[in-house]
Structure formats: structure tokens, C-alpha cells
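Beneath this line is the structure, given in C-alpha cells, with notes to follow.
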Amino acid sequence: MREKRVIWFCVADAETAFIKEAAAPRATLHTRATLTHEPYEHGRYEPPGRTQESATATRHSFTDADGPVRREKRAFARVVADYLGEAALRGAFDRLVVAAPPKFLGDIRAALQPAARERVAGEVAKDLTKESDAALSARLSEIIHT
């Protein structure tokens with residue numbers, strides 16, 4: 001007799017992550033958790049500081065490679081990855097499929113802890129947050145073959 005395997009399907013974008021669970025690839029998906037992140041609002045952060053060159057009166061602003069919006073998206077990816085990592089350590093799921101827009105998927109992948117990373121059975125580089133559970137279940141059964 002075959003052991004029941006729990007599959008988690010993380011469907012995310014930079015504002016919302018749905019953690020769905022199924023007992024098998026063709027089983028009905030149930031929402032296990034919903035993680036949300038408030039989108040970046042202009043004017044909610046301090047503008048970069050300014051400095052003056054010592055040789056001239058020219059002033060420059062300090063900037064970093066990533067803007068505040070990108071930093072917030074990465075921070076939310078870490079929140080999602082931490083949730084998945086803690087669940088993996090508890091043994092809450094056996095396999096994991098992650099679906100997110102390409103850049104955000106890369107952010108989640110980079111932030112995943114080894115316990116969750118080793119359970120990843122598939123990835124979808126596409127925003128599927130608006131798809132129905134029936135459509136997601138069909139995608140899941142295509143990705144995971146048991």
C-alpha cells in the first residue's frame with residue numbers, strides 16, 4: 001500500500017501568497033494559509049541622503065542598486081520562504097511546487113531554507129494567483145507525476 005503524500009502548492013506574487021495543500025496530485029486543493037504584503041506606496045520612505053563633493057560645490061544623492069519597491073518585494077519573498085521553511089522542518093508537507101512571476105520566483109528560491117528547497121518538486125514562472133483551485137489542481141497534476 002502506498003503512503004499518502006502531502007503536496008503544497010505555493011502560488012504567489014509580490015503582494016499575496018496562497019499556500020494550498022493536496023493529498024495527491026489529482027486531489028482537491030485546500031487553502032492552508034494566505035500571506036499578504038501591503039504594496040509599496042510612494043512617499044512612504046525617506047528619500048536618499050545627499051552629500052557634497054569636497055573639491056566642488058556639486059551635490060550627489062546616495063542611491064542603492066535596488067529601489068524601495070524591489071527591496072519590499074524581496075522582503076516579502078523572505079517571509080514566504082520562511083513560512084515554507086518552518087513548515088518543512090515540522091514535516092507539514094512532502095513535496096512543494098512554487099508558482100510566481102519569474103523575478104519573484106527567483107527571490108523565493110534564493111530565500112528558501114535547505115529543508116524546503118530539497119522538497120521542491122516543480123516551479124512555474126508565471127503569476128497564477130488569479131486562477132481557480134480547479135485550474136491550479138490541473139496544473140499540479142501536470143507538474144507532479146506519481
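Taking 0.36 nm per residue of separation and subtracting the Cα-Cα distance, what length does fully extending residue 24 through residue 94 add?
Separation in residues times 0.36 nm, less the Cα-Cα distance, equals 24.1 nm.
Under the 0.36 nm per residue contour assumption, what length would be gained going from the current alpha-carbon distance of residue 33 and residue 113 to full extension? Present the calculation step by step, with values, prior to reporting the outcome.
Values: separation 80, 0.36 × 80 = 28.80 nm, distance 1.88 nm.
Value of the extension gain: 26.9 nm.
Under 17 Å from the 7 Å Cα→Cβ point of residue 15, by amide nitrogen: which residues of segment 117-138?
Hits in segment 117-138 for residue 15 at 17 Å: 127-131.
State the extension gain, in nm to one decimal, for the chain segment bounded by residue 125 and residue 5, taking 0.36 nm per residue of separation less the distance between their alpha-carbons. Present the calculation step by step, with values, prior to reporting the outcome.
Values: separation 120, 0.36 × 120 = 43.20 nm, distance 2.40 nm.
Answer, rounded to one decimal: 40.8 nm.
Please list, in order along segment 125-138, the HN-Hα scalar couplings obtained from phi with the Karplus expression 6.51 cos²θ - 1.76 cosθ + 1.60 (θ = phi - 60°), rounded to whole Hz, x for Gly and Pro.
Rounded to whole hertz, the list is 8, 7, 7, 10, 5, 8, 7, 6, 4, 5, 5, 5, 4, 5.
Exactly which GluC sites (Glu not before Pro) in segment 83-146 are in a DSSP loop and have at most 10 other Cβ atoms within 10 Å? Working shown, then result.
Values: sites: 86, 118, 123, 131, 142; in loops: 118, 131.
For GluC sites (Glu not before Pro) across segment 83-146 that sit outside H, G, I, E and B with at most 10 neighbouring Cβ atoms in 10 Å, the list reads 118.
Every read-out reported here was derived from the displayed coordinates using simple, explicitly stated rules and does not represent laboratory data. Quick caveat: nothing in here was measured; it's all calculated off a predicted structure. Quick reminder, even Gly has a Cβ in these numbers, built from the backbone with ideal geometry, and neighbours come from all protein chains shown.
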